[in-house]
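Structure record follows, encoded as structure tokens.
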Amino acid sequence: MNKLTSSDLYRYTKRTELIALISCFFSNPAFRFLFVARKCKVTRWYSPLGLILRLYYRKLRVKYGYQIPFVTSIGGGFVLSHFGNVVINNSAIIGANCTISQGVTIGRVSRGNKEGSPTIGDRVWIGPNAVVAGKIKIGNDVLIAPLTYVTNDIPDNAVVAGNPVH
């Protein structure tokens, strides 16, 4: 088990043993999706295992409603707290120990001065149905409240709410 998977498992179960991995894989759909996504990222696409993993990954994407490309840069300790309708752009960067709730969109803006995708720091909690869009930086230890629309940089240790955040 690699370091990223181990830190994800610890966030879900507070344990890192093989039995915890097996138990969490079969009982937690969000961890299963994340585990397969991380394996897809490190497995050659043209190998038989790579092909099987990518087919299974595609099935899980549809089944649980996650639109998170496996090439997305996501730090260790990532938690999807509920399954359903989570969209993350493949060029977004997400730090370690972040938690994302259902209905969250982390998207790319394709025009204007905010063209690009967000960079999210460590230990960020993003509440249900929040939107983070554009080339912005979210600091460390930030809480983004539910139903918040974020298009501006957020400093470290902040709590943000509103639609849009100013």
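No lab work stands behind these numbers, since they all come straight from the coordinates. Here the structure is a predicted model, which means the values were calculated and not measured. FYI the Cβ positions are ideal-geometry reconstructions off the backbone, even for glycines, and counts take in every protein chain you see.
Relative to the longest principal axis of the chain, what angle (0 to 90°, nearest 10) does the C-alpha long axis of helix 3-13 take?
Here the helix axis deviates by roughly 80 degrees.
Can you tell me the FRET efficiency between residue 46 and residue 140 if r is taken as the Cβ-Cβ distance and R0 is 45 Å, rounded to the nearest 0.05?
0.75
What are the ³J(HN,Hα) couplings of the stretch 99-113, residue after residue, when phi is run through the Karplus curve with 6.51, -1.76, 1.60 and θ = phi - 60°? Round to Hz, x for glycine and proline.
3J(HN,Hα) across the stretch 99-113, in whole Hz: 10, 10, 8, 5, x, 7, 10, 10, x, 9, 9, 9, 7, x, 6.
Taking amide H positions as placed in the peptide plane 1.01 Å from N, state which residues far from residue 120 in sequence (5 or more) or on other chains have amide H under 5 Å from it.
For residue 120, whose amide H was placed from the backbone, the distant partners under 5 Å are 93, 94, 95, 138.
Give me the lysines in straight-line cross-link reach of residue 114: C-alpha distance below 25 Å, same-chain residues under 8 apart excluded.
Once the sequence-local lysines are set aside, what remains near residue 114 is 135, 137.
According to the square roots a ≥ b ≥ c of the eigenvalues of the Cα gyration tensor, what is the shape class of the stretch 79-164, taking rounded for a/c under 1.5, prolate for a/b larger than b/c otherwise, and oblate for the remainder? Provide the component values of the computation, followed by the final result.
Details: a/c = 1.36, a/b = 1.18, b/c = 1.16.
Here the stretch 79-164 falls in the rounded category.
Spelling out what I want: for every residue of the stretch 76-81, take phi, set θ = phi - 60°, compute 6.51 cos²θ - 1.76 cosθ + 1.60 (Karplus), and round to whole Hz; glycine and proline get x.
So the J values, rounded to whole Hz, are x, x, 6, 10, 9, 6.
Please state the relative contact order of the stretch 1-111 as a whole percent: Cα pairs under 8 Å, 6+ residues apart? Could you put the intermediate results ahead of the total?
Working: 176 pairs, mean separation 26.0, N = 111.
This gives 23 percent for the stretch 1-111.
Determine how many Å³ per residue the convex hull of the Cα atoms of the stretch 36-105 encloses.
Expressed per residue, the convex hull around the Cα atoms of the stretch 36-105 is 75 Å³.
By how many degrees, 0 to 90 and rounded to 10, does the Cα axis of helix 48-64 deviate from the longest principal axis of the chain?
50 degrees
Karplus couplings for the stretch 22-35 from phi (6.51 cos²θ - 1.76 cosθ + 1.60, θ = phi - 60°), rounded to Hz, Gly and Pro as x?
Once rounded to whole Hz, the list reads 5, 4, 5, 4, 8, 10, 10, x, 5, 5, 4, 4, 5, 4.
Rounded to the nearest 500, what is the 222 nm mean residue ellipticity of the chain from helices alone, with -39500 (n - 2.57) per DSSP H run of 4+ residues and division by all residues?
That comes out to -10000 deg cm²/dmol.
As a test, work out the antiparallel percent of DSSP beta bridges whose residues both lie in the stretch 3-160, rounded to the nearest 5.
Numbers: 1 of 25 bridges.
About 5 percent, rounded to the nearest 5.
Using the Cα centre as the reference, give the magnitude of the dipole from point charges on the C-beta atoms of the chain (Lys, Arg: +1; Asp, Glu: -1; all else neutral), rounded to the nearest 20 debye.
Numbers: 20 positive and 7 negative charges, 146 e Å.
Computed charge dipole of the chain: roughly 700 debye.
Give me the Debye-computed log₁₀ of I(q)/I(0) at q = 0.11 Å⁻¹ for the stretch 3-160, equal point scatterers on Cα only, no solvent, two decimals.
-0.42
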